[in-house]
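A quick write-up on the structure given underneath.
The values are calculated or read from the model by the stated rules, or taken from the named source; none is laboratory data. The shown structure was predicted, so the numbers you read here are calculated from the model rather than taken from an experiment. Heads up, the Cβs are rebuilt from the backbone with ideal geometry, glycines too, and the neighbour counts pull from every protein chain shown.
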Ligand SMILES: C[S@@+](CC[C@H](N)C(=O)[O-])C[C@H]1O[C@@H](n2cnc3c(N)ncnc32)[C@H](O)[C@@H]1O
């Protein structure tokens, strides 16, 4: 199961995060984070689902009135607490019923987590319940086209892969189509507001030439849903 790999492999993950030359992490900070933030205009009380080591949570913390964040991994939560001193953290398994929060949220983000979950119906249902009216849910996933060489785009599948191109960080990804993501969240009441297929800009390829190979396809799928 992926769920425990985050604790087990945290040390390695931490090392790869620290290396500036790691293109995957550079892509997240230089390109994808800006793409996601462009969808986050409702900056009241925020909740970051699957916060990891807190690097994206920090972006919310500096922009929002109050920030909460959850993750399943103790190691990730420990690190995130060091980075985000004004955020409230909780250990939560996103595949189970959510705990009772003492507030509702204006913004819920979920960055690069859904591909590790077997079941995203629970998350769709639970997030809808804890969002305020007109609140937004912003999700970012690996664009499903990335796995087209490994599986059929139209088939939901489990795809073996690595985190940050590190052979020691082997995981399985759940590949879902764009229609599955959209239909799952709209089924629970969300309205789809924005679809952003984020690619690899020329400026990034100049610094990380290996990414030239990814330039013809979108790299991340970022979706903004709203509770009306
Ligand atoms: C690729 S990391 C993304 C971290 C962070 N959102 C970011 O973009 O920097 C995926 C995170 O999802 C968490 N995660 C995976 N499955 C989870 C689950 N079932 N419940 C809660 N968190 C989970 C992992 O512990 C890990 O921190």
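Below are the figures for this structure:
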item	result
Subset of segment 172-199 (residues that are touching a strand residue (DSSP E or B) at 6+ places or on another chain (Cβ under 6 Å) and in a loop (DSSP other than H, G, I, E, B))	190
Residues of segment 117-139 classified as surrounded by fewer than 21 Cβ atoms within 10 Å (Cβ to Cβ) and more than 16 Å from residue 66 (Cα to Cα), total	11
Close pairs (6 angstrom Cβ cut-off, 6 or more residues apart or separate chains): at positive phi in segment 179-198, surrounded by 15 or more Cβ atoms within 10 Å (Cβ to Cβ) and assigned to a helix (DSSP H, G or I) anywhere	189/128
Residues of segment 88-123 that turn out to be over 16 Å from the mean Cα position of the chain (by Cα) and near the ligand (Cβ under 9 Å from one of its atoms), as a count	2
Residues (at pLDDT 95 or above and either more than 18 Å from residue 146 (Cα to Cα) or exposed (fewer than 13 other Cβ atoms within 10 Å of the Cβ) (or both)) located in segment 210-228	224, 225, 226, 227, 228
Residues located in segment 158-171, provided they are surrounded by 15 or more Cβ atoms within 10 Å (Cβ to Cβ) and touching a strand residue (DSSP E or B) at 6+ places or on another chain (Cβ under 8 Å)	159, 161, 163, 169, 171
In segment 36-72, the residues that are part of a helix (DSSP H, G or I), more than 12 Å from the chain's Cα centre (by Cα) and within 12 Å of the ligand (Cβ to nearest atom)	58, 59, 60
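The rows are residues; the columns are (1) more than 14 Å from residue 127 (Cβ to Cβ); (2) surrounded by 15 or more Cβ atoms within 10 Å (Cβ to Cβ); (3) at pLDDT below 95.
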{"position": "85", "(1), (2), (3)": "yes, no, no"}
{"position": "90", "(1), (2), (3)": "yes, no, no"}
{"position": "96", "(1), (2), (3)": "no, no, no"}
{"position": "108", "(1), (2), (3)": "no, yes, no"}
